[in-house]
Amino acid sequence: MQKTDHKPYGPYEKYIKRPLDLICKVIVLILSLIIASGLIAGIIDVIKNRKSKHKSRGIYEAYFKRVIDFICGMLVLVILWPLYVVLAIMVRIKLGSPVLFTQDRPGKDEKIFKLYKFRTMTDERDEKGELLPDDKRLTSFGSWLRRTSMDEIPEAFNIVRGDMSLIGPRPLLVRYLDRYNEEQHHRHDVRPGLTGYAQAHGRNTVSWEDKFAMDVWYSKNITFIGDIKVIFDTVMTVLKKDGISSETSVTMEEFMGTPDGVKPEWRSPNE
């Protein structure tokens, strides 16, 4: 092999080009590993779905949705880790510990999983040692986290694990399971989502009955284009800061069950 007498022409070639080439190779390697892992997660999901009560209604839902969820979840964790660190420090300073709020939630087929979010409330209690109402414990910083949905980003870990999807009905409280009617139970035919059709169309300002009607409709009409529209509509909702609170609560009133004869007012796009 002949020796070259080439000498670097400038600072870029001399000091930057080789480190930049190395960084690019590392990025390509990481992306390759994420994509390969996503494909494996998709194959595992296809095998698991054979035992599920809910049968996928299309190629996207059956073979591609889980792959996309895994890849996007991993990219969020890898790319946004500095934001996670900054938010964790701010939550610790302004709201105390623990930094993460964890709670059992029902997922697909009503299987219970542990949900992860940044906490948005303090642990302030009254003289009896009982927690103060939500509106007393929700600080301005916690309110900002909710308005921007920054409190939700730790759920990327739930997405990677397979507990959740990018798009799907929001995971609610375990105690609601006994309060659903037969139709409402179908919202658990699919994985819960980081965002969902109901979040993009009213968030906390629509009734529980309308929200569940949207969830059930989505579970029966999952498409790639539909998911893209939900993501776009969610971004617009967050930017407009719409639907963060209901008319009578800083979040959403507790669901106590749908009274007999009460029907949702919402009508699906197919009607």
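The values are calculated or read from the model by the stated rules, or taken from the named source; none is laboratory data. A quick note: this is a predicted structure, and the numbers were derived from the prediction, not measured. As a convention, Cβ positions derive from the backbone with ideal geometry for all residues, glycine included, and neighbour counts pool all protein chains shown.
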Can you say whether residue 125 is more than 22 Å from residue 49 (Cβ to Cβ) and in contact (Cβ under 8 Å) with a residue 60 or more places away in the chain, as far as the supplied structure shows?
no
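Got a sec? Which of 66, 18 is touching a helix residue (DSSP H, G or I) at 6+ places or on another chain (Cβ under 8 Å) and at negative phi?
Result of the check over 66, 18: 66.
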Would a scan of region 61-80 turn up a residue that is modelled with pLDDT under 95, among the basic types (Lys, Arg) and either part of a helix (DSSP H, G or I) or more than 13 Å from the chain's Cα centre (by Cα) (or both)?
no
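Looking only at residues in region 188-230 that are of a type in the set (Lys, Arg), within 16 Å of the chain's Cα centre (by Cα) and surrounded by 15 or more Cβ atoms within 10 Å (Cβ to Cβ), which one is modelled with the lowest pLDDT? Write out each step before concluding.
If we filter region 188-230 for residues that are of a type in the set (Lys, Arg), which is where we start, we get 191, 203, 211, 220, 229.
After this cut, where a residue has to be within 16 Å of the chain's Cα centre (by Cα) as well, the list is 191, 203, 229.
Next cut, surrounded by 15 or more Cβ atoms within 10 Å (Cβ to Cβ) only: 191, 203.
Working: 191: 95, 203: 66.
So, considering only residues that are of a type in the set (Lys, Arg), within 16 Å of the chain's Cα centre (by Cα) and surrounded by 15 or more Cβ atoms within 10 Å (Cβ to Cβ), the one modelled with the lowest pLDDT is 203.
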How about region 156-207: which of its residues are at positive phi and touching a residue at least 60 places away in the same chain (Cβ under 8 Å)?
162
Just to check your reading of the model, which residue among 140, 149 is hydroxyl-bearing (Ser, Thr, Tyr) and under 15 Å from the mean Cα position of the chain (by Cα)?
149
